[in-house]
1. Here is a check on your reading of the model: is E332 more than 17 Å from E351 (Cα to Cα), within 32 Å of the chain's Cα centre (by Cα) and modelled with pLDDT of 90 or more?
2. Do we have S306 as part of a helix (DSSP H, G or I) and under 24 Å from R390 (Cβ atoms) here?
3. When the stretch 287-324 is examined, which residues are found to be in contact (Cβ under 8 Å) with a residue 40 or more places away in the chain, surrounded by fewer than 18 Cβ atoms within 10 Å (Cβ to Cβ) and within 37 Å of the chain's Cα centre (by Cα)?
4. List every residue pair whose Cβ atoms lie under 8 Å apart, where the two residues are 6 or more positions apart in sequence or sit on different chains, the first residue falls within the stretch 928-956 and is under 15 Å from L894 (Cβ atoms), and the second residue, located anywhere, is of a type in the set (D, E) and part of a helix (DSSP H, G or I).
5. Residues being over 32 Å from the mean Cα position of the chain (by Cα), assigned to a helix (DSSP H, G or I) and not small (G, A, S): count how many of those fall in the stretch 450-463.
6. With the condition kept exactly as written, say whether any residue in the stretch 47-69 is in contact with a Cys (Cβ under 7 Å, 6 or more places away or on another chain) and at pLDDT 85 or above.
7. What residue, of V77, V15, is in contact with a Leu (Cβ under 9 Å, 6 or more places away or on another chain) and among the hydrophobic types (A, V, I, L, M, F, W, C)?
Amino acid sequence: MATEGEEKSAEKKRVELERRVLEKVGLVISSIDDAKHVDQVIVALYSLAVCLFPLNPASISGSIDETYRDELSAIEVPSGEEKTGWWRVFYKGSGFRAFARVLLYDVASNWLACFPASARKYVYDAFFLNGCASEIVQVVVPCLQPGESGSYDSTAVILNAERLLVLCLLENDLVCQMTREFASACQFEDVSHEQVKKVISAASQLITSIPDKARRGAPASLSPHLFFKRLTSQLLNGAEEWDLKLVDKSTVAYDKHMDGIILFIGEAFARISRRGSADVLLSEIIVKILGTVQSVLSSTSDLSFSEIFASKPGFRFWLKIIEAVNDSHSVERIAEELLRQLATQKLNEVEGYWILWMLFGQIYKRHPSIRFTFVEKFLLWKVFPTCCLRWIIHFAVLECHPESAPPKSYNARSLSDTVHRLTVAWSRREFVQSSSTEQQVYVTAALGLCLQKMVKEDLDATKDALHLILQGISCRLESPVYLIRKMASSIALVFSKIIDPNNPLYLDDSCQEETIDWDFGLATPKQDPVATTVSCKTHERENSSTLVPGNEIQKSGEKGVRTSKSRKNKESTFNLIDPDEIIDPAKLNNEYTFQEESDYGSEDSDTSSESSLQPYDLTDDDADLKRKFTQLVDVVGALRKSDDAEGVEKALDVSEKLIRASPDELKYLAGDLGKALVQVRCSEITVEGEEESAEEKRQKALVALIVTSPLESLDSLHKLLYSPNVDISQRIMILDVMTDAAQELANARILKSEHRPVTLVSASDQPWFTPRNNGPPGSGSWKEISSTGTPLNWSYSYERELPSKAGQIKRGKTRRWSLRQPIQDNQLEWSHNCFPQYAAAFMFPAMQGFDQKRHGVDLLGRDFIVLGKLIYMLGVFIKCAAMHPEASVLAAPLLDMLRSREISHHAEAYVRRSVLFAASCVLLALHPSYVAAAVVEGNIEISEGLDWVRTWALKVAESDTDRECNTLAMTCLQLHAEMALQASRALESSTGTSTAKNISLFPSSSNRTIKIPYLNS
């Protein structure tokens, strides 16, 4: 009964105190409303503040007039215990909210600007600095957007609210105080857990919305970056502070105290992440948790790491923070941003694993959505650095830390399931065609790292592993991109080590190292490729590799000269002079090709050749009995005899020189010779290691054949291109030699005589048979030479002295060893493009029938490499004919071919790159005046073709998954804009053109105009 009486007495006192507090609040509000002077407002506020906080009248007496100082001293001050009761009733009841509205609106808009600094600090700001943090946030934050109100100065209200938020939340750590309040069990004695969650949710929603509600000119500390950074720091400090205090508490007591803090932090983290500031949130978390992990790893405790993290005060709250984030999307964003920021910290595998374990270890075990995020999204959908991939595999797949001692301590079932999911995605051809290069590298690395952790028993337990891995390797080895083939080689190596560790399978020379680079070179910083389609070197290097099995040839330079990738250096042998040697005409013709730039012909005879002083070699090696080819018909016959390897090899040695000599029978044998060269199998007629040298000679001979006899040889090569009797390597070789021949024709050099005026004989005073006095300065006069022969001379002889050339040294009698005729004084070496006249013969037959599926030929499907090379070749052709009338004729059919859906929307990125290259070459080849004329005359083919180039390139640049396609598309758009600008200038400069500013590259019926950057905006 005594207890019940005490409860009634306490309740009665509480009700009485509430009445007194509300009565006091009403009196203060009434005094503020009736005030005529600012000092009256200060005294009224002091009368309430002194009942709540420890204030000294002297702190504000100097800020008010003497007439009001007596009122300050007359105010009754309650005791310290009574102030505590007043404070609790004031802030927990309805009194504070009613009084705060007066402070934030009436006082702020009418009186606060007149407050002295000390008065504002002690009788105004004190109500917010010393009050209940959760209540203060709920009344101040809405003032950032006061809404429509005619009786208040909204600007003053907003400015005051911003000042209070900066003062309370950022400068005086009001958020940290809120964590203390939520951790105190006494605060929620009379409310349920659901009500507590609502209060915490409302408080976190208001705090995290402050940067969104702040006006544009608000203090910089209220910007999202700075505000959330300070907010996160206070939340973590508050959690760590209470974790250190609860040392001797039981598990139940610990959970009870930390429950409010963890809920508050989880709600705040979820809302910060949703507002796009997960990077700011993680930057603060990483600084603290990284120091924690490193201190534990460097300790010498006998406990395991997991036991230390779970038991040591100051560390335990880390295990609960992410679990309190109920929003799965926010958890995914936090995990993704955490991995990306940790990758920049250069952590080892152990540190990265334990950080993931501390933050996500609990939630990963309890929530299937989080497990799906790590083992599905983070391994198949996202792209992380390789170091992050290793952490993910150890944490989510193996479920063991990297330094675990037992080899079978990992989760074998989880590893097998993960490998199955990876192989299903990795083996699909659609994945290779449609995924970006970075995505393919990442999934390949994930599969390879998982396979490296497996043993043969794990592989046998994986569903369809053998079939899927071999399928993925097979489809990648068919790719023309070296990086894709290297992925297949790496997986094949790891897979073979599981099957038989003693016999690894090396499909690539770069995979010989023990450690495989799972970044495949993409992690190293590279310079941005220069977007110049004029040369398109990046695309040309990849397109120019001839994919012959066991033989890979690359272009060097822009003239199409080919050099083998690896050539065995042969020691030069000493050749003796044989007086009975049979002279080979092929060696005599165009001998200068071997010594084109040499100047040995001016050396002295006694020093030009030391071999002339050597004795003859009298041994008979039958060299004079070996057959030497001097006629093209013999070369054709030898090439057709595949069983005579030596004869085929010798025929290849002399083919190019005989063809360059341009004999009369060349035009009659060009077709048969080209066919024979294409059908030669270099791998069968040469010894091992010499295949590339023979292949190089074969291709040089074909290039020379096309250059010297274009029409006859092209007819034969075009028939072979789509013939079912050649394989894919031969088709690619035909395209390569045609490309090189076109470039050689485009860069041909000719000797042209210089026109000099000739003086007529009748106009000269000298006899016609007398030499003219032309010559270098310092030349002597002509003198007639007396003849000692018969007295009847039918001709006159003259001589004169010439000056020595600069730097010439006289050594006596000399002779010149050179078969190359020097350029005469009246001859000049000119560059002449000989390709345009043959452009149609090069292009049109190759463009016919590319979309037809024949026996052994399927360019749109299986043979997409040939299709890509064909389109690239056509682009080179149109570029070689640039600015010539032939380019204007050939552009329309080429654009029509590129526009076909089977080509422009091909599944393989290799083909799309070739299309973009060819389209860029068309833009370079067309003369601006021709484009302008096509616009004026309404040339539908050109207009629609150019419109398609811009539209399609824009679509590729925005949505294509291949990075090279994006780069080439942007270059194509740039060239299109430049071409449009040049065409506009051509129209403006033409006479009688009044609509030059509104150019349309489309048919007259279309209202679309060309888009010129920065001009139509």
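1. Details: more than 17 Å from E351 (Cα to Cα): yes; within 32 Å of the chain's Cα centre (by Cα): yes; modelled with pLDDT of 90 or more: yes.
Taking the combined requirement at face value, the residue satisfies it.
2. On the way: part of a helix (DSSP H, G or I): yes; under 24 Å from R390 (Cβ atoms): yes.
Here the answer is yes, as S306 does meet what is asked.
3. Those that are in contact (Cβ under 8 Å) with a residue 40 or more places away in the chain, surrounded by fewer than 18 Cβ atoms within 10 Å (Cβ to Cβ) and within 37 Å of the chain's Cα centre (by Cα): K288, L290, Q294, L297.
4. Pairs that qualify, where the first residue is under 15 Å from L894 (Cβ atoms) and the partner is of a type in the set (D, E) and part of a helix (DSSP H, G or I), are E941/D896; G945/D896.
5. 5
6. Looking for residues that are in contact with a Cys (Cβ under 7 Å, 6 or more places away or on another chain) and at pLDDT 85 or above, one finds none in the stretch 47-69, hence no.
7. Details: V15 fails: in contact with a Leu (Cβ under 9 Å, 6 or more places away or on another chain).
Result of the check over V77, V15: V77.
Conditions (1) of a type in the set (S, T, Y); (2) open to solvent by less than 30 Å² (accessible area, probe 1.4 Å); (3) touching a Pro at 6+ places or on another chain (Cβ under 6 Å), marked per residue:
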{"position": "G80", "(1), (2), (3)": "no, no, no"}
{"position": "Y91", "(1), (2), (3)": "yes, yes, no"}
{"position": "S94", "(1), (2), (3)": "yes, no, no"}
{"position": "S118", "(1), (2), (3)": "yes, no, no"}
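The values are calculated or read from the model by the stated rules, or taken from the named source; none is laboratory data. Quantities reported herein were computed from a predicted structural model and do not represent experimental measurements. Neighbour counts run over all protein chains shown; Cβ positions are idealised from the backbone, glycine included. To get the accessible areas, we keep the full protein, side chains included, count just its heavy atoms, and leave off ligands, DNA and RNA. Shrake-Rupley method; radii C 1.70, N 1.55, O 1.52, S 1.80 Å.
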